[in-house]
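For reference, the structure is listed below as structure tokens.
Bear in mind these aren't lab numbers, they're just calculated from the coordinates by the rules spelled out. Predicted model only: the values in this text are computed from it and were never measured. In this analysis, Cβ positions are derived from the backbone assuming ideal geometry, glycine residues included, and neighbour counts consider all displayed protein chains.
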Amino acid sequence: MSDLHEPVLAWYDEHARELPWRSPAATAWSVMVSEFMLQQTPVARVLPVHEAWLRRWPTPGDLAAEPAGEAVRAWGRLGYPRRALRLHAAAVAIVEQHDGEVPPSYDDLLALPGVGDYTAAAIATFAFGRRHVVLDTNVRRVLARVATGVELPAASVTRAERTLAAELLPPDDPTAATWSVAVMELGALVCTAAGPRCGACPVAGLCAWRRAGHPAYDGPPRRVQAWAGTDRQCRGRLLAALRETEGEVTQARLDATWDDQLQRARSLAGLVEDGLVVRTPRGTYTLP
DNA sequence: TAAACGTGGAA
DNA sequence: TTTCCAAGTTT
């Protein structure tokens, strides 16, 4: 399977996007911020927020010194605002436990709020050049197609997938790091979920899925997330009102964001429970 | 393990 | 217009 290395690495060398967090000058903190923002959010929407974030908070200490609410506000409309809260909490932990420096070890990274297996491996790999299996949705899809011959991977990472990815990882640290980002990029630009561009793929000739005639996905139905009318949409409306207001927001202002009183109250309580919103003694609401 | 958790652009 | 889905984590 190491037949894949040379063509994928060569393709990446020629086609990789220039992204701020891939710059040789990028700090580990810049990489970490990008990984948080890129969780379930497209690159195009992350770019401007990432730039503003790093300009305002060049180090973990700069962010940790401000209230968490400032992180939530600066997060803007990237979505999943609990990530902003967790990034702030991670910055605080880095100051308190790691002398203000993003730790290079996978285990230390994994212990930070909002950092799971993927993000820990990604930061250790892309910021510090360490050798880890980086399994994101792109890598999983590429390997499912090229090596396994199916259109899409299972709902969650399987043992077999992790073993395969580990076997494919080049032995030396720097090549392993480039390989991981290269496979991710291939999945993002060529071997996409909807319309794979096999004509532009450097390993089309080695692809098991292509060889099998591109059989359609044959697994259990992939559940689509409902949106309209959900608590998530309601929470989004409420938090948007908080973000766009400096200081306290009245109950009346929040009431205007959503018709269903019961759902509105439940969603607001959830935001308070999550720490994204604080209720003041006056009955108004603010960011934390 | 499955469900909850935002948002907006592309097909 | 509706559906899909984008560098996941947490509980």
Helix-derived mean residue ellipticity, 222 nm - over chain A, DSSP H n ≥ 4, -39500 (n - 2.57), to 500: -15000 deg cm²/dmol
Spacing of the two label points (7 Å from each Cα toward its C-beta) at A:ASP99 and A:LEU9, in nm: 3.4
Label zone at A:THR284, where the point sits 7 Å out along the Cα-to-Cβ direction: the range A:244-272 residues whose backbone N lies under 12 Å: A:245-253
Cα-based Kirkwood hydrodynamic radius, the range A:27-126, one decimal, Å: 13.1
Computed P(r) (all Cα pairs; the range A:1-71; 5 Å bins; percent): 3, 14, 20, 20, 15, 11, 6, 4, 4, 1, 0
Among A:GLY61, A:GLY275, A:GLY69, residue whose mean-square fluctuation peaks in a GNM of chain A (springs only between Cα atoms under 10 Å): A:GLY275
Protection-proxy order for peptides A:247-253, A:126-132, each taking the mean of Cβ atoms within 10 Å per residue, highest first: A:126-132, A:247-253
Cα-based shape type of the range A:231-286, given that a ≥ b ≥ c are square roots of the gyration tensor eigenvalues and the cut on a/c is 1.5: rounded
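Using Cα pairs under 8 angstrom and six or more residues apart, how large is the relative contact order of chain A, in percent? All intermediate terms of the calculation are to be shown ahead of the outcome.
On the way: 351 pairs, mean separation 50.2, N = 288.
Across chain A, relative contact order equals 17 percent.
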Inter-label distance for A:THR230 and A:ARG22, nm, one decimal - labels placed 7 Å from Cα along Cα-to-Cβ: 3.0
Relative contact order (percent, whole number), the range A:232-279, Cα cutoff 8 Å, 6+ residue spacing: 40
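Can you pull the Rg over Rh of the range A:194-288, Cα-only, Kirkwood?
Looking at the range A:194-288, the ratio lands at 1.34.
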For the range A:43-183, Kirkwood radius (reciprocal of mean inverse C-alpha pair distance, Å): 16.5
Kirkwood Rh in Å, taken over all unlike Cα pairs in chain A: 20.8
